[in-house]
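Read through the structure below, which is laid out as structure tokens, and then see the notes.
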Amino acid sequence: MLKRVTKTGFAALMLASGISLLGLSAGPARADALADIMKAKVIKIAVPQDFAPFGSAGLDLKPQGYDIDMANLIGKALGVKVELIAVTSANRIPYLQTHKADLVISSLGKNAERAKVIDFSAAYAPFFSAVYSVKGKDAGITKLADLSGKTVGAARGTIEEQALSATAPKDATIKRFEDNSATIAAFVSGQIDLVATGNTVAAVIAKQNPARTPEMKFLIKDSPCYVGMNKNEPALMAKVNSIIADAKKAGEIEKLSEKWLKQPLPPGF
């Protein structure tokens, strides 16, 4: 027959066995990711492998791009070695959650679903859709209403084409192309002087034909990039945000935008 043990008796039994009730309920202490990084003198950063100009393989097969430069900037500021881990859009957050990476710097946008499972730093890179013209032309176009009577190109089915279809002036002509490649070819060849596209596509145009470098006229949708990290890492969050703030102040983020996106940072970034 089992003997009934009261709460008081249970506590006395645990203490007699040398086991602390407080220690039993508290569980193991949470690790500090920043402290672990500084102790190891290595930071593991997930970066894109096939999304130029944020990250791709160069001619020497080494990773290059905006996100790679940003990863190295953070590593240098911390004074630790950077271990780059190539990821895809699908596996970048799982790599973070399983601690295969300390940070994700992979053109990562912020949304409500992602915010449930990871935390985000301050924005470090602009990622947006806009209407562009050839640099130095169409100075009078600064807003949607200014497209009245104009022809603007866009890739069919993109958020830019959908936004123009819904909001452009009725007398604006939207010239739709089947994909980004066709849209780029039309702009580079001079078939169109106005194009609605993403800033990464604009960077490709500028690289292919510097004489027709796109210049942003106005923003359609803003979705900047953030550094992703695991939840509840206040020390790491504060340090990364401090590094980003210092880099902005020193003009290093501006240089990255000019180098890889072929555009200055948008106003207020």
- Residues located in the stretch 48-87, provided they are in a helix (DSSP H, G or I) and hydrophobic (A, V, I, L, M, F, W, C): I68, M70, A71, L73, I74, A77, L78
- Message: Go through (1) within 15 Å of the chain's Cα centre (by Cα); (2) assigned to a loop (DSSP other than H, G, I, E, B) for G268 and report which single condition fails.
- Response: (1)
- Task: With the condition kept exactly as written, say whether any residue in the stretch 212-233 is part of a helix (DSSP H, G or I) and either small (G, A, S) or modelled with pLDDT of 95 or more (or both).
- Result: no
- Query: Taking the stretch 87-134 only, how many residues are loosely packed, with under 15 Cβ neighbours inside 10 Å and not polar (S, T, N, Q)?
  - Reply: 10
- Please state which one of T88, T158, T151, T142 is in the same structural domain as D50 (by TED's automatic domain parsing) and in contact (Cβ under 8 Å) with a residue 24 or more places away in the chain. T88
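The values are calculated or read from the model by the stated rules, or taken from the named source; none is laboratory data. All of these numbers come straight from a predicted model, not from anything done at the bench. Quick reminder, even Gly has a Cβ in these numbers, built from the backbone with ideal geometry, and neighbours come from all protein chains shown.
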